[in-house]
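Participant: First the structure, which I've put down as structure tokens, then a few questions once you've had a look.
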Amino acid sequence: MECVVFAAGEGKRMRPLTARRPKVMLPLANRPMMEHLILAARDAGITDFVLVVGYGEREVRKHFDDGSRWGIRITYAPQRHQQGTADALRSAADRVSGNFLAMNGDMLLSSADIARLIAMPPHCMCTSTTDHPQDYGVVLVEDGMVTSLEEKSEHPRSNLINAGAYLFSPDIFDLVDRVQTSERGELELTDALGVLIGEKRLGAFPLSFWMDVGYPWDLLDANAILMASLTSDHRGTVEDGVTLTGPVVIGKGTVIKSGTYIEGPCIIGNNCRIGPHAYFRGATSVGDDCHIGHCTELKNSIVMAGTKIPHFNYIGDSVIGSGCNFGAGTKVANLRHDHADVHVCGRNTRHRKFGAVIGDDVQFGINCSINVGAMIAHNSLFAPNTYVEGCIGENSIIR
């Protein structure tokens, strides 16, 4: 059985983190999020994958290549103009030969669920529940069959939603070819699903585990979930006087200097310099070639490759892009005084603790203060002692 993974979109809701990479390549536990999904499908018994690529496809192809290092086969289906999910599926039509799995590339599923799904007869839609169904396609189910699918309703009739994973037979392509451009200017897979629903041919498959990774703060939740099952693996150098508690992964060529205290789960990539006297708290992942230096504290954060946080810094509950530099004494706030949910650019994160979203190649002078809920786009520069809040556009220079 083949598995088609939709990986062509930019992921605009993830801006500024997707300015230079596709959403599916954002790191979770130091792997691209789509890699976790592909490995779950592989562990369920699938060996043939079709990746529908478009935005940032070079990075996808470079990382996954032909799939041989994971013991799978990968081919690519380019979607040149990203005209919607039906168009994405149609891009893969000549690369599947029978019943197949189709999945959005920006979510997490369990291998056990995937194994149960591919044993079902097509056609099936995976469903899950959420406390904010208005953000998804809302589903009604009777006797195991989907009877209604309503996209992003302001008044949802249930908390059951379309989880973005399907089991199809090749018949779906006939329906996809008949899909017309929607009011949003897209060819939408939901129109083809509507035909199956009307003919009572779309089964509902409830997932035991599902996580959508739609916004930057969702990365932290997914990162923590994936790291909960971490096992320690030390491939670098750990100097005397370092304390490691809980599961900690240390990459090749990384040096953990004396006085550093790391509370797992924590992942540190290859060729990093950590400490002396750095402090890491749980569910923190640090990419390759980073420097986390003297008296710097990281907590529940994602730090991407090549970023330097070298002296007397604090970063909590934040997502930091690649190639950033934090001047000495620069700190990120992560809690409002009224303990209310943090909002980022007007959107409720549903997190009481959340720091900042910082794009690639952002440079801070010494002693900058970054307020809770800040979003800073790539290539921004901040003078020493700058107070940063709100939404900062790309290439900004703040003196």
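The values are calculated or read from the model by the stated rules, or taken from the named source; none is laboratory data. This one's a predicted model, so the numbers in the text were calculated from it and none came from an experiment. As a convention, Cβ positions derive from the backbone with ideal geometry for all residues, glycine included, and neighbour counts pool all protein chains shown.
Participant: Given ALA163, ALA192, which one is closer than 30 Å to GLU2 by Cβ and touching a Cys at 6+ places or on another chain (Cβ under 9 Å)? Step through it out loud before you land on a result.
Facilitator: Details: ALA192 fails: touching a Cys at 6+ places or on another chain (Cβ under 9 Å).
That would be ALA163, the only listed residue that is closer than 30 Å to GLU2 by Cβ and touching a Cys at 6+ places or on another chain (Cβ under 9 Å).
Participant: Do the conditions hold for ASP43, that is, is it closer than 30 Å to ARG178 by Cα and of a type in the set (D, E, K, R)?
Facilitator: no
Participant: From the set of residues in region 38-49 that are buried (at least 22 other Cβ atoms within 10 Å of the Cβ) and touching a Cys at 6+ places or on another chain (Cβ under 7 Å), which is farthest from PRO216 (Cα to Cα)?
Facilitator: Residues of region 38-49 that are buried (at least 22 other Cβ atoms within 10 Å of the Cβ), as a first pass: 38, 41, 49.
Subsequent filtering for residues that are touching a Cys at 6+ places or on another chain (Cβ under 7 Å) retains 41, 49.
Values: ALA41: 24, PHE49: 27 Å.
Looking at the filtered set, the residue picked out is PHE49.
Participant: Please pick out the residue among GLY264, GLY282, GLY241 that is at pLDDT below 95 and over 26 Å from ASP360 (Cβ atoms).
Facilitator: Answer to the selection: GLY264.
Participant: Considering only region 140-162, I want to know if a residue exists there that is of a type in the set (Gly, Ala, Ser) and within 22 Å of the chain's Cα centre (by Cα). I'd like the intermediate steps shown before the answer.
Facilitator: Quick first cut of region 140-162, residues of a type in the set (Gly, Ala, Ser) only: 144, 148, 153, 158.
Subsequent filtering for residues that are within 22 Å of the chain's Cα centre (by Cα) retains none.
No: zero hits.
Participant: Mind telling me which of the residues GLU35, GLU2, GLU10 ends up being in contact with a strand residue (DSSP E or B) (Cβ under 6 Å, 6 or more places away or on another chain) and surrounded by fewer than 22 Cβ atoms within 10 Å (Cβ to Cβ)?
Facilitator: Details: GLU35 fails: in contact with a strand residue (DSSP E or B) (Cβ under 6 Å, 6 or more places away or on another chain); GLU10 fails: in contact with a strand residue (DSSP E or B) (Cβ under 6 Å, 6 or more places away or on another chain).
None of the other options fit; the residue is GLU2.
Participant: What's the total number of residues in region 344-361 that are small (Gly, Ala, Ser) and surrounded by fewer than 17 Cβ atoms within 10 Å (Cβ to Cβ)? Spell out how you get there, then give the answer.
Facilitator: Step one: of region 344-361, the residues small (Gly, Ala, Ser) are 346, 355-356, 359.
Cutting the leftovers down to surrounded by fewer than 17 Cβ atoms within 10 Å (Cβ to Cβ) gives us 346.
Number of matching residues: 1.
Participant: Would you be able to tell me the number of residues in region 154-165 that are out of contact with any Asp or Glu (no Cβ under 9 Å at 6 or more places or on another chain) and either crowded, with 22+ Cβ neighbours inside 10 Å or not hydroxyl-bearing (Ser, Thr, Tyr) (or both)? Explain how you work it out, then say what you get.
Facilitator: Initial filter on region 154-165 (out of contact with any Asp or Glu (no Cβ under 9 Å at 6 or more places or on another chain)): 154-155, 158, 160.
Applying the additional criterion that residues be either crowded, with 22+ Cβ neighbours inside 10 Å or not hydroxyl-bearing (Ser, Thr, Tyr) (or both) yields 154-155, 160.
Summing the residues that are out of contact with any Asp or Glu (no Cβ under 9 Å at 6 or more places or on another chain) and either crowded, with 22+ Cβ neighbours inside 10 Å or not hydroxyl-bearing (Ser, Thr, Tyr) (or both) in region 154-165 gives 3.
Participant: Can you find a residue that is under 20 Å from TYR215 (Cα atoms) and surrounded by fewer than 18 Cβ atoms within 10 Å (Cβ to Cβ) anywhere in region 362-370?
Facilitator: no
Participant: Further, regarding this structure: Report yes if some residue within region 209-217 is touching a residue at least 24 places away in the same chain (Cβ under 8 Å), touching a Gly at 6+ places or on another chain (Cβ under 8 Å), surrounded by fewer than 20 Cβ atoms within 10 Å (Cβ to Cβ) and part of a loop (DSSP other than H, G, I, E, B); otherwise report no.
Facilitator: Pass one, region 209-217, residues touching a residue at least 24 places away in the same chain (Cβ under 8 Å): 209-217.
Remaining after also requiring touching a Gly at 6+ places or on another chain (Cβ under 8 Å): 212.
After this cut, where a residue has to be surrounded by fewer than 20 Cβ atoms within 10 Å (Cβ to Cβ) as well, the list is 212.
Those left that are additionally part of a loop (DSSP other than H, G, I, E, B): none.
No; the residues of region 209-217 include none that is touching a residue at least 24 places away in the same chain (Cβ under 8 Å), touching a Gly at 6+ places or on another chain (Cβ under 8 Å), surrounded by fewer than 20 Cβ atoms within 10 Å (Cβ to Cβ) and part of a loop (DSSP other than H, G, I, E, B).
Participant: Cβ-Cβ distance below 6 Å, separation of 6 or more or different chains: which pairs start in region 40-59 with a residue that is part of a strand (DSSP E or B) and end on one that is of a type in the set (Ser, Thr, Tyr)?
Facilitator: Going by the 6 Å Cβ cut-off, the qualifying pairs are VAL50/THR75; LEU51/TYR76; VAL52/SER91; VAL53/TYR76.
Participant: Looking only at region 60-98, count every residue that is at pLDDT 95 or above and acidic (Asp, Glu) and tell me the total.
Facilitator: Final tally of qualifying residues: 2.
Participant: A follow-up question, please. Being touching an Asp or Glu at 6+ places or on another chain (Cβ under 8 Å), at pLDDT 95 or above and within 24 Å of VAL248 (Cα to Cα) is true for just one of PHE354, PHE312. Which residue is that?
Facilitator: Just a single option satisfies the conditions, and that option is PHE354.
Participant: Of everything in region 166-196 that's among the hydroxyl-bearing types (Ser, Thr, Tyr) and not in a loop (DSSP other than H, G, I, E, B), which residue is surrounded by the fewest Cβ atoms within 10 Å (Cβ to Cβ)?
Facilitator: Step one: of region 166-196, the residues among the hydroxyl-bearing types (Ser, Thr, Tyr) are 166, 169, 181-182, 190.
Adding the requirement that they be not in a loop (DSSP other than H, G, I, E, B) leaves 166, 190.
Numbers: TYR166: 25, THR190: 17.
Among residues in region 166-196 that are among the hydroxyl-bearing types (Ser, Thr, Tyr) and not in a loop (DSSP other than H, G, I, E, B), the one surrounded by the fewest Cβ atoms within 10 Å (Cβ to Cβ) is THR190.
Participant: Still on this structure, I have one more. Mind checking whether some residue in region 310-320 is in a strand (DSSP E or B), in contact (Cβ under 8 Å) with a residue 12 or more places away in the chain, surrounded by 22 or more Cβ atoms within 10 Å (Cβ to Cβ) and of a type in the set (Gly, Ala, Ser)? Write out each step before concluding.
Facilitator: Step one: of region 310-320, the residues in a strand (DSSP E or B) are 310-311, 314-316, 319-320.
Checking which are in contact (Cβ under 8 Å) with a residue 12 or more places away in the chain leaves us with 310-311, 314-316, 319-320.
Add one more test, that the residue is surrounded by 22 or more Cβ atoms within 10 Å (Cβ to Cβ), and what stays is 315, 319-320.
Now drop any that are not of a type in the set (Gly, Ala, Ser), which leaves none.
Within region 310-320 (the criterion being in a strand (DSSP E or B), in contact (Cβ under 8 Å) with a residue 12 or more places away in the chain, surrounded by 22 or more Cβ atoms within 10 Å (Cβ to Cβ) and of a type in the set (Gly, Ala, Ser)), the answer is no, since none of the residues qualifies.
Participant: Might you check whether a residue that is aromatic (Phe, Trp, Tyr) and modelled with pLDDT under 90 occurs anywhere in region 100-115? Break it down into steps so the answer makes sense when it comes.
Facilitator: The first filter runs over region 100-115 and keeps only residues aromatic (Phe, Trp, Tyr), leaving 100.
When the remaining residues are screened for being modelled with pLDDT under 90, the result is none.
Taking every residue of region 100-115 in turn, none turns out to be aromatic (Phe, Trp, Tyr) and modelled with pLDDT under 90.
Participant: Let me ask something additional. Out of region 1-33, which residues are part of a helix (DSSP H, G or I) and under 16 Å from MET304 (Cβ atoms)? Give the steps one after another, and end with the answer.
Facilitator: Filtering region 1-33 for residues part of a helix (DSSP H, G or I) gives 12-14, 23-25, 33.
Result: MET14, LYS23, VAL24, MET25, MET33.
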